[in-house]
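Engineer: Dropping the structure in here first, questions after.
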Amino acid sequence: MGQLRKKSLLAIVCFGASLASLASATRGYDRPVECPSPDDLGIFPEGRSVSTQSLARIAPASTGSVVPSANSERTPPFETGPKVLPHLRKASRAGSSPKPGLRLEQVRLGEQQVIEIAKKSGLSAGEFEGWPTRNALGVDSWTWARYRNVPAEPWRWLVVPENLVAGSMLDIEVDDAAPLLPIVRNAAGVPSDYEEIFRDFLDFRFLTMKPIFGDMIWTDQLNGSNVYSSWLNPDLRPIYEQCAPEAARSFGIELPQPARFNDKPITFIASLRDNLIRWSPEITVVPSMPASITPKRAAVQVGEWLPDFLEIYHQAIGVISGAQMAKFPISGSEMYFTRKNNAQIDHHLEYLNDYLQERYKELGIETRRLPFEWRRMTHSNLVAVIPGEMQGRDPNPVLMMDHIDTAFAHDVFYSSGVRVSVPGADDNATAVAALMLAAEQLRGRKHKHDIWLVHLTGEEFPADDLGARHFVQSLDLNRIEPSAMIQLDMIGYSKTSATEFQINPGDSPGSLELARLALGAASDVAPGMRGLYRPYATPESYLYNTDGIIFSDYGLPVILINEVVNRTNYHLRDGDYHQMADNMDNVDFDYASVISKIAIETAARAAAE
C-alpha cells in the first residue's frame, strides 16, 4: 500500500551528507544548469493580477492526455465532470456534463466548512473561493483559498491562524474530512520554508515527506495578489530554484491546484448570508454510492484448483519477498530480491521483472514490458497476456493487477536515518504470487476476453502511484478500455479478521458491478470467507491508498481486494506495516491463498462475460 504525503513540519531540517551515497545519482538541484527563458519556466515576469479573477485563470491548462507524476509531488485535480480516459473525452464518446456534479455529502461538507471558517475568522457574511479536493487522508473534501466581503472587493487569501484551526473541524488531526487552507511560505526569509519547497525528498527527516514545489503559487510580498507562477510541473523544481528571478521564488502560497470540470480548471464561490450558502456555478448533485450491494451470480469458471496451489503460492511469496533465492528458469541466474523501492539506485525491480518474464515464457505466455524513466533510472510495468477470443488484441481486456515494489522501512529509518526497503511479504508479494498462480491456473482456458496480469511498479512512496499513472497513459494512447480491473494489495494479514476480506470498488457503475461479481465469486469459492463491501470515499474503503484510486479517477471499472485494513483499524496491526517485520512470519498463507482464488475466479468470470 502507498503512503500519502503528510503535511510539512516547520521544524524539518536537512540530513545533509549522511544520505549523499543514496542521493548522488538522483538529485538534480546541485548541478549547474543552462537556464531557460522565464516563459519556458511558466513565469509571468511582471506578474499577473488575480485580485478580482478566479484562481482557475492561473491553473495548469489541460494537456488532453494523462500526465504522469507522483501523487505526492503535486496534488492531482479533482474532476467534477465525467471521469473518463482523455481519448474518450476528445472523441466526445463520453459526452460532457452541462454542470459540475458532486455528491450531496461533499456539497454539505463544503457548506459546513465555510460556516466554520467564517466563524473562526470573525466573518458573518461574504464570498469564499474554493474547490473540491481529495485531502491527505483520501477523503473527498475541499480546498478553501480566498474570501471577500462583497463582490466588488478584491480577493484576500484565507489564512486562518493555527490556534483557531486547532481542535475544530478544520483540523486534520481532529477531523479526517478537514479542508486544505492556504499556507504562507517565505522562501526568501525562512530557511525551513525554502527547504520544504526545494529540497529533495532524501534530505528530509520525515520519511514520507516530499518537496511542496508542485503545490506552490508564487506571489508578490505585499498581499499576494500578483502571481508570478503557479502549480508548476514538479520536474521543473531544480531548474526553477536556480533560474527563476528572485521575485518569482521568494514568497508564495502553498495550496492544491483547482478542480477540473470537463478537464478544464474550475473554482467555486460559496456566498454566505444568514448562515445559508449559495453556490456559483450551480452544482448538480450526483447519486451517492449505495450502502449495500447484492452478489452477482454467475457460472463457476475454475472448477478445479491446482493440487499444489498452496505450496506454489508459499514458495512464490518467499522468492518475491527475498526470503528465498530466485532461480531464473531460462537464463539460470540466481539472486535474492532485497532492494525493491524505486528510489534505490541499485534496486532489484528490473531483475524481478526479468524473473517474472522468464516464468511466463516458461508457461508459454507472452509478456509486454512498458518502461519509463524516473530520477534518471529506468522502471517498468510488466503485462502478461492470456489470450481470449481476440488472441491478445482485445481492446477490452480483463486485468488482474498488483505492485512489485516495497516501501522504505519506517522502523529502520527512524532509528538510524537509513532508507532500506522492507521485504514486503504481505505488501505486496502476496498479490504478486496471486498473479503468478493466476497464470498457471487460467492459461489454456477458453474465455471471451483477454486476461492481462499487470505487475505495476512505483506504487510506494516516493514514486507514489507513478507506475499506475504511466500505465493509464499507455491505456489511453493505445485506446484500451478495460472491461474489468481487479487490484490486489495486501491480502495476507489475517489478525484483524481471518474470515473476512475487503472489496473496495472505484467511483463508477462498472466498479459496483465488478464488486457484485467478486461477492458472488467469494460465496462460491470460499463460503466461509465473507467479502466486506467498502463503498468509495467511506472511512472503511482503502482504495485511496493504492494504485486503484488512479484507475477510479478515470472512471475505469476497478475494485481493490485486500485484507481487512483501512484507516480506521491501523492501530490493530502488530507493527509490521511498512516495517522490516513485513516478512514471511507475518503472512497467513491459507488466508491469502483463499483470497487469491477468489480474485482469480472473479477475473475468469469477468473474462467470460
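The values are calculated or read from the model by the stated rules, or taken from the named source; none is laboratory data. Just so it is clear, the structure is predicted and the values come from calculations on it, not from any experiment. Using ideal geometry, Cβ is built from the backbone for each residue, glycine included, and neighbour counts are taken over all protein chains shown. SASA here: full protein model, heavy atoms, side chains in, ligands and nucleic acids out. Shrake-Rupley method; radii C 1.70, N 1.55, O 1.52, S 1.80 Å.
Engineer: Using a 1.4 angstrom probe on heavy atoms only, work out the carbon and sulfur share of the accessible area of the chain in %.
Structural biologist: Carbon and sulfur together cover 52 percent of it.
Engineer: Which of the aspartates and glutamates could a cross-linker span from K264 if the Cα-Cα distance has to be under 12 Å and same-chain partners fewer than 8 positions apart are dropped?
Structural biologist: Excluding near neighbours in sequence, the set is E79.
Engineer: OK, next. Using a 10 Å cut-off on Cβ atoms, rank the peptides 315-322, 440-447, 269-276 from the highest mean neighbour count down.
Structural biologist: Result, highest mean first: 315-322, 440-447, 269-276.
Engineer: Computed over the Cα atoms, what is the radius of gyration of the chain divided by 2.2 N^0.38 Å, N being its residue count?
Structural biologist: Working it through for the chain, the quotient is 0.97.
Engineer: If you don't mind, another one. Accessible area per residue, 1.4 Å probe, Å², for region 301-340: what's the number?
Structural biologist: Per residue, region 301-340 has an accessible area of 53 Å².
Engineer: Still on this structure: Determine, from the Cβ-Cβ distance of T284 and S62 and an R0 of 25 Å, the FRET efficiency 1/(1 + (r/R0)^6), rounded to the nearest 0.05.
Structural biologist: In this case the efficiency is close to 0.75.
Engineer: How long are the semi-axes of the equivalent ellipsoid of region 365-476, taking √(5λ) for every eigenvalue λ of the Cα gyration tensor, in whole Å from largest down?
Structural biologist: 31, 16, 9
Engineer: Could you grab the relative contact order for the chain? Cα pairs under 8 Å, six or more apart, rounded to a whole percent.
Structural biologist: Taking the mean separation of contacting Cα pairs over the length of the chain, I get 17 percent.
Engineer: I would also like to ask the following. How big is the gap, in Å, between the Cα center of region 342-407 and the Cα center of region 412-446?
Structural biologist: For region 342-407 versus region 412-446, the Cα centre distance is 13 Å.
Engineer: Another one. So, by mean Cβ neighbours within 10 angstrom, what's the order for 453-460, 74-81 with the highest one leading?
Structural biologist: In decreasing order of mean packing, 453-460, 74-81 become 453-460, 74-81.
Engineer: Rank T378, T367 by accessible area, highest first, at a 1.4 Å probe radius?
Structural biologist: The most accessible residue leads, giving T378, T367.
Engineer: A follow-up question, please. Using a 1.4 angstrom probe, figure out how much accessible area region 431-471 has per residue, in square angstrom, rounded to the nearest whole.
Structural biologist: 20 Å²
Engineer: Now, a different point. How many Å² of accessible area per residue for region 498-609, probe 1.4 Å?
Structural biologist: Per residue, region 498-609 has 28 Å² of solvent-accessible surface.
Engineer: Output the relative contact order of region 159-275, whole-number percent, from Cα pairs under 8 angstrom with separation of 6+ residues.
Structural biologist: Relative contact order here is 24 percent.
Engineer: Here is a further query. On a 29 Å Cα-Cα criterion, which of the cross-link pairs K361/K597; K83/K448; K83/K120; K296/K340; K361/K448; K296/K597 come out too long?
Structural biologist: K83/K120; K296/K340
Engineer: Turning to a different aspect of this structure: In nanometres, what is the gap between the two model label sites at N223 and A299, each 7 Å from Cα along Cα-to-Cβ?
Structural biologist: Inter-label distance under the simple model: 7.2 nm.
Engineer: Continuing with the same structure: Of P132, L560, P307, which is farthest on the positive side of the dipole of the chain, counting Cα position, with +1 on Lys and Arg Cβ, -1 on Asp and Glu Cβ, and the Cα centre as origin?
Structural biologist: Towards the positive end, the residue furthest out is P132.
Engineer: Which angle from 0 to 90°, rounded to the nearest 10, does the C-alpha axis of helix 309-320 make with the longest principal axis of the chain?
Structural biologist: Around 50 degrees separate the two axes.
Engineer: May I ask you to order 559-565, 215-221, 328-334, 582-588 by the average number of other C-beta atoms within 10 Å around their residues, highest value first?
Structural biologist: 559-565, 215-221, 582-588, 328-334
Engineer: Still on this structure, I have one more. If one takes the longest principal axis of the Cα atoms in the chain, at what angle in degrees, from 0 to 90 and to the nearest 10, does the Cα axis of helix 104-120 lie?
Structural biologist: 40 degrees
Engineer: Where does helix 466-477 land angle-wise versus the long Cα axis of the chain, in degrees 0 to 90, nearest 10?
Structural biologist: Around 80 degrees separate the two axes.
Engineer: Here's another thing I want to ask about it. Run the dipole for the chain about the Cα centre, Lys and Arg Cβ at +1, Asp and Glu Cβ at -1, nothing else charged, and hand back the magnitude in debye, nearest 20.
Structural biologist: 1400 debye
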